[in-house]
Amino acid sequence: MTAEIIAVGTELLLGDILNTNAQFLSQELAALGIDVLHQHVIGDNAARVAELVNTAKQRSDLLVFSGGLGPTADDLTKETVAACYGDSLTLDEEELAKIEAFYLRTGRTMPDNNRKQAMVPVKGRKIVNDHGTAPGVWFEDEQGRCAVLLPGPPHELTAMWNEGVRPLLAARTGGTLHSLTLHVLGGESDLETRGGALFQHEDPTAAIYAKVGECHIRITARGENDEDAKARCEAFAQNFYDLYGDAVYDADVPALEYTVVRLLNERGWVMTTAESCTGGLVAERVTNVAGSSEVFRFGFVTYANEAKEKLLGVSAHTLATEGAVSPETAAQMALGALRAADADVAVALTGIAGPGGGTPEKPVGLVWGAAATRDGVWVRKMTLGRRDRDNIRRRASQHALDLVRRLAAGLPAPEDTTAYTIPQVEASRTAPFAR
């Protein structure tokens, strides 16, 4: 089955609203094994919508709309698409009563133009909306080509998709589909090249998506039932675990910090942070995770050298001779935070996030990270390039969390990480590391 996504709304064309619905719908359709051929954004103009629909329905089996179901005069999508699919609309008294009840609960009288939201297909079907006033609608022509229209607000669209549309489409595509997403540290080009034929496999399928500091590999399998599809998915995923090893940090999690918090909980460890160039981003990411209070109590943002000295015990000698952006400073920050917080693991970051402040010796994008436990300190040099400031900070925080993950899980440190004993870090207060 092939599909096209059509987002309706002049506000989208003007850039007033970010079109997050298209991303959600693309992912959901892919998970169902439906190929998305085109995405469109079009204004509230009946003639242009009709032109697009008549063209798109000739080349695709399914059109999925978001927006255009409001009560105002320019919300003509439903009427327009109905005509294109040889259908018409009729007033649904049940839907009208729901809209009137909504206004009554809010102490208002329903405007007469809201009646149009209760219009549903004569031949097609309505999609129940328990999260807003406008029901969705489903049209289908004699050739079996379909169109589903959903409201624009993302919370309504997402709920209606999961509750009403996805089951309909799953039944049409046959069998049951199950998906899982592997989270892999590394660049898209390298991972895809190494994955080779795995990404060409037809069932299960695997698709790679680049994110900041990692990639997501979405695996989808079809089975006779959900249990069967899930088992096939997990069996195919093992190929990627075997290929990429511990670069695969988890599956079906929102982000790396969720894995870190879980591992720390399992280990019974408490972590702390000492951040300069990232300004508390690592701490923010960790504390965004529910339950992080069990593994994180406080951290340090030591942007100025004076703060590094006063709060973390970084030596004035190190700062004067090696600079704030150096492996010695990073190691001392991590060890100082570990002791000050009485933590089990501490991670530190110091670098040049730009856009200014770089030199030929220490360019923008140079970041030193360190992680300390009671057994030693691991230092990592990150050369993140002349990216924008937010990107550099995000990537640095990703590297820092990966160091914590590896220590908490008992994994080996990355090859570009250097281990130091605690006496060596103490000695770096008066003499630099040998390097």
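The values are calculated or read from the model by the stated rules, or taken from the named source; none is laboratory data. Everything numeric in this text was worked out from a predicted model, so none of it was measured. FYI the Cβ positions are ideal-geometry reconstructions off the backbone, even for glycines, and counts take in every protein chain you see.
Scanning region 293-340 for residues that are touching a residue at least 40 places away in the same chain (Cβ under 8 Å), part of a loop (DSSP other than H, G, I, E, B) and of a type in the set (Ser, Thr, Tyr) gives SER315, SER326. Please determine whether any residue of region 55-71 is touching a His at 6+ places or on another chain (Cβ under 9 Å), more than 25 Å from HIS155 (Cβ to Cβ) and among the aliphatic types (A, V, I, L, M). Yes, the conditions are met somewhere in region 55-71. Set side by side, the residues ASP203, ASP190 differ, and just one is surrounded by fewer than 19 Cβ atoms within 10 Å (Cβ to Cβ) and within 23 Å of MET1 (Cα to Cα), which is ASP203. Counting the residues of region 33-73 that are charged (D, E, K, R) and in contact (Cβ under 8 Å) with a residue 60 or more places away in the chain gives 2.
Among the candidates ALA159, ALA171, the residue that is surrounded by fewer than 20 Cβ atoms within 10 Å (Cβ to Cβ) and within 16 Å of GLN27 (Cα to Cα) is uniquely ALA159. Residue count for region 112-122 satisfying the condition of being at pLDDT 90 or above, surrounded by fewer than 18 Cβ atoms within 10 Å (Cβ to Cβ) and not charged (D, E, K, R): 1.
Name the residue that is surrounded by the most Cβ atoms within 10 Å (Cβ to Cβ), counting only residues in region 413-430 that are aliphatic (A, V, I, L, M) and at pLDDT 95 or above. The residue in question is VAL425.
Of the set (1) in contact with a helix residue (DSSP H, G or I) (Cβ under 6 Å, 6 or more places away or on another chain); (2) surrounded by fewer than 21 Cβ atoms within 10 Å (Cβ to Cβ), all apply to ASN129 but (2).
Between ALA371, ALA434, the distinction of being under 20 Å from THR278 (Cα atoms), out of contact with any Gly (no Cβ under 7 Å at 6 or more places or on another chain), outside any helix (DSSP H, G or I) and not basic (Lys, Arg) belongs to ALA371 only. The single condition among (1) of a type in the set (S, T, N, Q); (2) surrounded by fewer than 22 Cβ atoms within 10 Å (Cβ to Cβ); (3) farther than 23 Å from ILE422 by Cα that ASN305 does not satisfy is (3). Restricting attention to region 252-273, the residues being in contact with a Phe, Trp or Tyr (Cβ under 9 Å, 6 or more places away or on another chain) and farther than 25 Å from GLY336 by Cβ number 1.
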